[in-house]
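S.K.: Quick one: this structure, given as structure tokens, is what I'll be asking you about.
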Amino acid sequence: MLKPNYLNRFLFGFCFFTFFMVKHTYAQIVIGTPNLGFTQACASDSFNTYYTTFIFSPESSLSASNQFSIEMSDADGEFLNSTIIHTTAAGAITTSPATISFSLPETTAGENYRIKIKSSGPVASSSRSIPFAAYYKIQDSPFTINNLVSTGAFCTGGSYLLSIDNPGDGMNDSPLQYPSLTFKWYRETSPTTSVFVADGPTLTVNNEGTYFARTNYGSCTSDSFSNRVTITQATSGEASATIASSLGNPFCPEQGLTTLNTIGGVSYQWYKDGNIIPDATEQIYQTNESGTYSVQVDLGECLASGSIDLVSQLFNSTINVPEFNEMLAEETLTVTVTSTALNPEYEWYLNENIIPSATNATFEATEFGEYKVIITETIGCNASIEYLFTIEEELDLFPEVEEIPNLISPNGDTINDTWIIPSDYVSGTNTEVLIMTSQGKIVLKTNNYQNNWPENDLNLTSINQVYYYVITTEDNKTKKGSITVVK
């Protein structure tokens, strides 16, 4: 009776094992080597999408939750420190062949990357792809070296240090802002060819030539390269020290100070128009003035010198009135500004309020007050020049008066400040006007009286002073009297 039980158990175990093996066999897939849709991957902010195609079999073995992933090797093609750069959504791919898009990490930089395709349900992995160059160009614009100075010099037996300028700013997108980047230096062999010299952010030069740097993006083309610098050896006398202006030459002073920069040395001295500039002893000098600037650079064992004729692009202009003006109430003052500004615009103000209708170079002022005109160049430098002027009411020095006054009060209130006499005796009538103190000292004697006495301070005390006048006309008619000056 026992034998059937053993037989039954054996048959049951065999059937279970067979069923398990069949299920296990159907739960496996094979993933083919990924086929790349590119020969090299040169990614940047503006482009970073690549594709790979692969096959797998059997399709029926995929679970509903399966996800395919792209695994990328290190720059040497090894997968010990690999990175998953893309994973599909669960169940997104169910048929073979399949194509997946992916993007490169910003730290990608090398010539021998490879990828694999992996699945999660069931777990499987493809073989490695063929190697490919891949770089993420995190910085892809020109940058500067040597502070944009185009030359450098070293003394016999010495050297010159070239370095990438840092930090970056609006004028210079320095690649040194990105720690993952590396650099290569080259020396020109012709206008279109060059040879590799060394790696690194700096280069010590002890051979003459023209040098430049490139960000290391391998076989990928890039715009991340520097300006050229020509290095010479000073064998005797003085070498040439080129001066560069950060705002160009001519420069626009509205942009602020331009920075003058020269070749590197031990010490420096700057000059303007042949005159030494006190305390200007650094490699750079900032200014917003036109002129001939020169520098002398001590290179250690020899000297270098250079100069630049710096020209400001600020336009020239003039105004036809002085800062202070007078006119009578019924008069007007025509004000005109001229300039060499390109496509100029004009703004006129009275007492800090803009005059909307005044938009031309000429303005006819009819009111007293504080005026301002602003000339703006709208093409090129986009600079402005401002003029201020004042118009005050003019005193009528020759009003119609009937009698000769005997009282004045020169206190500056513009009322009865001077001795105003009838027009029969003033300038143009050849009448002699004589004014004396009470002691007989002559303080004024003229045949061209302007109704302007006293012009100077009389040093009045608390006691009113009395003066005497004698008016003698051209036909020898005389008028005499006194003038009381009150404080």
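S.K.: Excluding residues fewer than 8 places away in the same chain, name every one of the lysines whose C-alpha is closer than 30 Å to that of LYS184.
M.R.: LYS184 reaches LYS137.
S.K.: For the stretch 422-427, take each phi angle, set θ = phi - 60°, evaluate the Karplus expression 6.51 cos²θ - 1.76 cosθ + 1.60, and give the result in whole Hz per residue in order, putting x for glycine and proline.
M.R.: Those phi angles translate into x, 5, 5, 10, 8, 3 Hz.
S.K.: I would also like to ask the following. Would you pull out the residues with amide H under 5 Å of ALA234's amide H, same chain only if 5 or more places away, H placed 1.01 Å from N?
M.R.: Here the answer is PHE154, CYS155, THR156, since their amide H atoms fall under 5 Å of that of ALA234.
S.K.: Let me ask something else about it. Once the other residues with Cβ under 12 Å from the Cβ of THR156 are scored (Lys, Arg +1; Asp, Glu -1), what is the net sum?
M.R.: Every neighbour counted, the sum reads -2.
S.K.: Take THR210 and THR478, extend 7 Å from each Cα along the Cα→Cβ direction, and tell me the distance between the two endpoints in nm.
M.R.: Reported label-point gap for THR210 and THR478 is 9.7 nm.
S.K.: Next up: Using a Cα-Cα cut-off of under 30 Å, which lysines could be cross-linked to LYS441, ignoring same-chain neighbours fewer than 8 residues away?
M.R.: LYS477, LYS479, LYS480, LYS487
S.K.: While we're looking at this one, here's another question. Once fully extended, how much extra length lies between GLU188 and THR366, figured as 0.36 nm per residue of separation less the alpha-carbon to alpha-carbon distance?
M.R.: Fully extending the segment from GLU188 to THR366 adds 57.2 nm.
S.K.: Now for a separate question. Between ILE85 and ALA64, what is 0.36 nm times their sequence separation minus the Cα-Cα distance? Round to one decimal in nm.
M.R.: 5.3 nm
S.K.: If you take every DSSP beta bridge fully contained in the chain, what fraction is antiparallel? Give it as a percent rounded to 5.
M.R.: Restricted to the chain, the bridges split so that about 85 percent are antiparallel.
S.K.: Which whole-Hz couplings ³J(HN,Hα) result when phi for each residue of the stretch 166-179 is put into the Karplus expression 6.51 cos²θ - 1.76 cosθ + 1.60, θ = phi - 60°, listed in order with x for Gly and Pro?
M.R.: Couplings: 8, x, x, 8, x, 8, 8, 7, 5, x, 5, 5, 10, x Hz.
S.K.: So what is the 222 nm mean residue ellipticity for the chain from helices alone, if each DSSP H run of at least 4 adds -39500 (n - 2.57) and you divide by all residues, rounding to the nearest 500 deg cm²/dmol? Walk me through the numbers on the way to the answer.
M.R.: On the way: 1 runs with 25 residues, N = 487.
That comes out to -2000 deg cm²/dmol.
S.K.: Note the full-extension length gain between LYS441 and MET171 as 0.36 nm times their separation in residues minus their Cα-Cα distance, in nm to one decimal.
M.R.: 89.6 nm
S.K.: For VAL443, what residues show an amide H to amide H distance below 5 Å, using hydrogens built from the backbone and excluding near sequence neighbours?
M.R.: HN-HN under 5 Å from VAL443: ILE435, MET436, THR437.
S.K.: Still on this structure, I have one more. For a test of the definition: using alpha carbon positions, the gyration tensor, and the 1.5 limit on a/c, classify the chain as rounded, prolate or oblate.
M.R.: Prolate, because a/c is 1.5 or more and a/b exceeds b/c.
S.K.: Which order, highest average first, do 240-251, 30-41 follow once you tally other Cβ atoms within 10 Å for each residue and take the mean per peptide?
M.R.: The peptides rank, most packed first, as 240-251, 30-41.
S.K.: Spelling out what I want: for every residue of the stretch 38-43, take phi, set θ = phi - 60°, compute 6.51 cos²θ - 1.76 cosθ + 1.60 (Karplus), and round to whole Hz; glycine and proline get x.
M.R.: 7, 9, 8, 10, 10, 8
S.K.: Let me ask something else about it. Please label the shape of the stretch 169-248 as rounded, prolate or oblate, based on the square roots a ≥ b ≥ c of the eigenvalues of the alpha-carbon gyration tensor (a/c under 1.5 means rounded; beyond that, a/b larger than b/c means prolate, else oblate).
M.R.: Cα axes put the stretch 169-248 in the oblate bin.
S.K.: If you don't mind, another one. How large is the charge dipole for the stretch 38-146, taken about the Cα centre, if only the Cβ atoms of Lys, Arg (+1) and Asp, Glu (-1) carry charge, to the nearest 20 debye?
M.R.: Once rounded to the nearest 20, the dipole reads 260 debye.
S.K.: Let me check against my output: what whole-number percent is the relative contact order of the stretch 84-131, with C-alpha pairs under 8 Å and at least 6 apart?
M.R.: Details: 28 pairs, mean separation 13.5, N = 48.
Dividing the mean separation by the residue count of the stretch 84-131 yields 28 percent.
S.K.: Give me the distance between the Cα centres of the stretch 332-386 and the stretch 221-264, rounded to whole Å.
M.R.: 38 Å
S.K.: Related question: Around TYR346, what is the net charge, scoring Lys/Arg as +1 and Asp/Glu as -1 over all other residues with Cβ under 12 Å from its Cβ?
M.R.: Net charge around TYR346: -3.
S.K.: Okay, moving on. Name the residues whose placed amide hydrogens come within less than 5 Å of the amide hydrogen of LYS137, ignoring near sequence neighbours (fewer than 5 apart) on the same chain.
M.R.: For LYS137, the qualifying residues are ALA43, SER44.
Just so you know, all these numbers are worked out from the coordinates, no wet-lab data involved. The model shown is predicted, which means the values in this text are computed figures rather than measured ones. Heads up, the Cβs are rebuilt from the backbone with ideal geometry, glycines too, and the neighbour counts pull from every protein chain shown.
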